[in-house]
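Asker: Attaching a single structure in structure tokens format; questions to follow.
Nothing in this text is a laboratory measurement; each read-out follows from the coordinates by a stated rule. Note that the coordinates shown come from a computational prediction; the quantities given were computed from them, not determined experimentally. Ideal geometry is used to build each Cβ from the backbone, glycine not excepted, and the neighbour counts take in all protein chains shown.
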There are 2 protein chains.
Amino acid sequence: MKSPSEETPARWESLPSWLLTQTANHAHRLVAEGFSSVGARGYHYRLLATLEQFGPASQAALGRRSGIHLSDMVAAINELADRELVERAPDPADRRRNIISLTAAGKRQLRRLEKQLADCQDDLLSPLSPEERQRLTELLSRLLDHHNRRTGTPEEPGR
Amino acid sequence: MKSPSEETPARWESLPSWLLTQTANHAHRLVAEGFSSVGARGYHYRLLATLEQFGPASQAALGRRSGIHLSDMVAAINELADRELVERAPDPADRRRNIISLTAAGKRQLRRLEKQLADCQDDLLSPLSPEERQRLTELLSRLLDHHNRRTGTPEEPGR
DNA sequence: CCATAATCATTGGTGCCTCCAACGATTCGC
DNA sequence: GCGAATCGTTGGAGGCACCAATGATTATGG
């Protein structure tokens, strides 16, 4: 959205859902700009970070851990593999699987992305004091938790 | 995103930008579900509400007021006009313009959408106390204001 | 007054994120 | 062993936001 300039504010502009989604748009824009400045997008960061945190994994496991749909994994991994930030190797123990692992270049890219991300947090929260940032984070966490419980996260008991 | 189930939480899950965008996803999903239950989407609500609040206007003015890109106006107005929620008439005073106005049916639809929207706010904020809702709203408003000032809203001085 | 600039509606495209359905291949559970 | 589940892949969808270019029209200023 470019700007709701022109005269008075619209009616819906005080609704929490509006505030939330619009603020999120700004956040998303900031993050996306930071990422694209090093030739990446959100999915790439999430995949690289997940790989570093949990180690090599199949695309399916990677998708579950990073919250990316299995269908979208292919393209994202292709993009990463094309730039050799990630390696895709067949799993000898299960021929259905590919094992994805982080390369050294991928780790370096991840460092760059984290840098961008950290800068964004600052930009994003710049009008708030440290205490306010803390409170906002806490409130959002509670909301997110609640809705994650209701909606997604079947959280298979076994496995 | 379906769910980040599987094991431990990922690293980025405490970042404000993540909390914000994910919570906004839930908000957006709730709102979209409410809207689509009466066959509408966000743009439709914004247009109908803008029309009611400011009265009939050209597509360009409508776009500026509702924060919808001029290019996206055509399709949205078509959809509304097809269902006769809105009327598109040529402006006799300026043959470049169409004058869009709200019909009685459009007003009724707007009432339905507002109902959905109100229900969503409750759903969205259900884990928070009234005071917490207030604080969240206030913090988000500050953030949004700040970023609107920086980014969009050229706010033409004249006009 | 006329040429240039600006505005309006429209078309058609891009990108990102999310989700769905279907497929063949493979492996698992009973 | 056989049906059920999983894995990778393809192709599609939808919502939102944005950009570029076009022809028509109107406004501007020299």
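Asker: Would you work out which of B:Leu124, B:Leu143, B:Val74 lies farthest towards the positive end of the dipole of the range B:63-159? Charges go on Cβ: Lys and Arg +1, Asp and Glu -1.
Answerer: Among B:Leu124, B:Leu143, B:Val74, the one farthest towards the positive end of the dipole of the range B:63-159 is B:Val74.
Asker: Between B:Glu114, B:Glu84, B:Glu13, where does the largest GNM mean-square fluctuation fall for chain B, given springs only between Cα atoms within less than 10 Å?
Answerer: Most flexible of the set in this elastic network: B:Glu13.
Asker: Once you've got the GNM for chain A with C-alpha springs shorter than 10 Å, pick whichever of A:Arg133, A:Arg46, A:Arg95 has the biggest mean-square fluctuation.
Answerer: A:Arg95
Asker: Further question: Counting only residues 5 or more places away or on other chains, whose amide H sits under 5 Å from the amide H of A:Ile99 once H atoms are built in the peptide plane?
Answerer: When sequence neighbours closer than 5 places are left aside, the close amide H contacts are A:Ala89, A:Asp91.
Asker: Still on this structure, I have one more. From the mean inverse distance of alpha carbon pairs (Kirkwood) and the Cα radius of gyration, derive Rg over Rh for the range A:40-96.
Answerer: Over the Cα atoms of the range A:40-96, Rg/Rh equals 0.93.
Asker: Hey, another quick one. I need the semi-axes of the equivalent ellipsoid of chain B: take the C-alpha gyration tensor, multiply each eigenvalue by 5, square-root it, list largest first in whole angstrom. Kindly include the intermediate steps, with their values, before the conclusion.
Answerer: Working: eigenvalues 230, 80, 46 Å².
Ellipsoid semi-axes (Å, largest first): 34, 20, 15.
Asker: Any idea which of B:Phe35, B:Gln22, B:Pro90 is furthest toward the positive side of the dipole for chain B, if Lys and Arg beta-carbons carry +1 and Asp and Glu beta-carbons -1?
Answerer: B:Pro90
Asker: Right, next: In whole Å, largest first, what are the principal axis extents of the Cα atoms in the protein assembly as shown?
Answerer: Per principal axis, max minus min of the Cα coordinates gives 72, 42, 41 Å.
Asker: Using 7 Å Cα-to-Cβ label points, what is the A:Ala89/A:Arg29 separation (nm, one decimal)?
Answerer: 4.4
Asker: Would you kindly work out the equivalent ellipsoid of the range B:65-123 from its C-alpha gyration tensor and give its semi-axes, the square roots of five times the eigenvalues, largest first in whole Å?
Answerer: Details: eigenvalues 136, 39, 18 Å².
Semi-axes (√(5λ), whole Å): 26, 14, 9.
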